[in-house]
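Novice: Next up is a structure, given as C-alpha cells.
Please treat every number below as a calculation from the coordinates, not as lab data. What you see is a predicted model, and the numbers here were worked out from it, not measured in a lab. Reconstructed Cβ throughout: ideal geometry from the backbone, glycine too, with neighbour counts over all protein chains shown.
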Amino acid sequence: MLTTNISKQNPRNPLCPPRAPLCLSLLSPWIAHIVRYTFCGSTSMSIAVKQTPIDSFVTELRKLPDSAFDQVEQLRAFLQDTPVHPESLTSYLSWDRQHYTRNLIDKTPLYELIAICWEVGQASSVHNHKDQNCWMAVPIGRLLVENFHVVHQDFALGKSEIQATDTVEMNAAHPCAVDPLEPVHRVVNPREFNQRAVSLHVYSRPFDSCIVYSAEHGTCGEIQLHYTTQYGKPS
Ligand SMILES: [Fe+2]
C-alpha cells in the first residue's frame, strides 16, 4: 500500500479545495508511478496512479466489443482509466526534428493504435478524421488540441472557411475524444511547454488519408497518411 498525503491547502488559490489524503493500492500487473499534476494552474502535487504496460493496454483494447468504438464515451473512459506506462512505449517511439512521427502499435479491422512523437514546437495541420472516431491520450508530456468549426467546405474546389473555437490541454490525467459533430482540429506541442510529448491515438475505423485545412488561405485538400514505424520497426 502506498499512501501519499496531499492534504496541504493551496496557498495561492483559495478556490482550490483542501486536499484529502489518498491511499492507492499497488496491484500486479499494474505498475504504480508517481505522477505530478498541476492543480488550479498554480501548484503541483504528486500522487500514485496505476499505469499499464502498452502490451496489457492492447490486450484490454482488443477485448472491447465492436459497439464500444461506435460511440465516444466508452473508449474515452477506457483511456481515462488505463493510463499507459511511458517506459513501455520505448520501442515504439521515433523522433524527427523536422516533423512529428506516426508509429503504428496495433491494427485490426476495427481500430488502429498509433503513438505520435512531438518535438518541442511541432504541430499537426488542421485536419479531420474521415468521419471516423478518434481518441487521444498523452502518456508523456502535454499537448494542446485546437478545435475548429467548419463554416463551409467544397472539396471539389478545394475551398473552405474554418473558425477556431476552443483549445483543450491533454496530459497524463486528461485524455480526450474528437467530437464527431465538430471533428476538425489540430494538435500542438507549444514551445512554451518546453518538453517532448507522446500521444496515443485510437482511430476507429482505420483510415489512410484525411482532409487538411488552411484557415489562412481558405483551402482544403486530401493528403495520404504514412507510418514512420510499424510495430517498432521503420516503415
Ligand atoms: Fe487528429
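Novice: Lysines within cross-link reach of residue 130: Cα-Cα under 24 Å, excluding same-chain residues under 8 positions apart?
Specialist: Those lysines meeting the cut-off are 107, 159.
Novice: In debye, nearest 20, what is the charge dipole magnitude of segment 122-174 about its Cα centre with +1 on Lys and Arg Cβ and -1 on Asp and Glu Cβ, if you could check?
Specialist: Details: 3 positive and 6 negative charges, 32 e Å.
Dipole about the Cα centre, nearest 20: 160 debye.
Novice: Which net charge results for the neighbourhood of residue 221, defined as the other residues with beta-carbon distances under 13 angstrom from its beta-carbon, given Lys and Arg at +1 and Asp and Glu at -1?
Specialist: Residues near residue 221 contribute -1 overall.
Novice: Further question: What is the extension gain from residue 163 to residue 77, computed as 0.36 nm multiplied by their sequence separation minus the C-alpha to C-alpha distance, in nm to one decimal?
Specialist: Gain on stretching residue 163 to residue 77: 28.1 nm.
Novice: Please work out the ratio of the alpha-carbon Rg of segment 52-123 to 2.2 N^0.38 Å and round it to two decimals.
Specialist: After normalising by residue count via 2.2 N^0.38 Å, the value is 1.21.
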